[in-house]
Structures are given as C-alpha cells and as structure tokens.
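Everything below concerns the one structure shown next.
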Amino acid sequence: MKKYSSIIYIVGLACAGLIFTGCATNQASAPIPPNSGHLLINRVANFGSDLSLVVSVDGKDAGSFTEGRNYSGYLPAGQHVITARVNPNLTGAGPAQKTLNVKAGQTYSFTAGLSGGKMTLVRNQGQTVPTY
C-alpha cells in the first residue's frame, strides 16, 4: 500500500508540473514592437487546397501560407509595399501589390485571393483600428 501511495504522489506531482508549465507557456506572448502597426492578410477560403499564398513585405518574403493559415505581423510605421502571390503559379497569375502607409497602433486587414486568373489583395472594411 505504501509503494502504491508513493507512485500516485509522484505521478500527481509530475502532472501538476506539466499543467503549470503549459499555463506559463501559454501566457507568454511576444511584445508588440513600439512605433508599429499590425498587418493581417487572410487567405480567401476558395484559394485552392494545393496552392500557397506567399506574402512579401518590401520585397522580402514574410511567409508562405497553406489552406487555413493567414499572415499576422507587425510593421514599423512608414510606407511599405505588400505583395501577395500564388505558389505554384500554374496559371501565370501576376502578384497583387499594395502600398501601405502604416501608422503606429493601427491594424490593417486584407484578404488575398485569386479572381479571374489574377491575384487580388482587397482591404477589409472597418479594420483600421487602434490596437492599444
């Protein structure tokens, strides 16, 4: 009986440690960079299951997003060129580009998709709000 109680005690401590470690990990989040704005680019639902949305900011790839994934990042205040393209590009669809003047504390939201054989990057209405 004594051996059984010791095992339960050890297993209970291990479980408690795992729970507290998980809670601490979930609470930590990356700090919001100062003097920056938040950029969200959603991949439209009918984009294609075998296609990736590639997002570039100022000519540098920021990520490739498959079905169900979206871009979320922070940009320093100022002017930036946002580009969305499809990969693999089997139809020859040109990239969509937008010039964005980012203001600190604002959120900018776009939806990227394919329409009529062309890439589109459409700004979502009502999404430029302070993020304080």
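Rule-based calculations on the coordinates, nothing more; no lab input. Because the structure is predicted, anything quoted here is derived from the model rather than measured. Note that we place each Cβ from the backbone using ideal geometry, even for glycine, and neighbour counts take in every protein chain shown.
Put a dot 7 Å past the Cα of VAL122, heading toward its Cβ, do the same for ASN46, and the two dots end up 1.1 nm apart. Remark: relative contact order (the stretch 45-106) = 32 percent; criterion is Cα-Cα distance under 8 angstrom and separation of 6 or more residues. Between the beta carbons of LEU90 and ASP61, assuming R0 = 25 Å, the FRET efficiency works out to 0.80 to the nearest 0.05.
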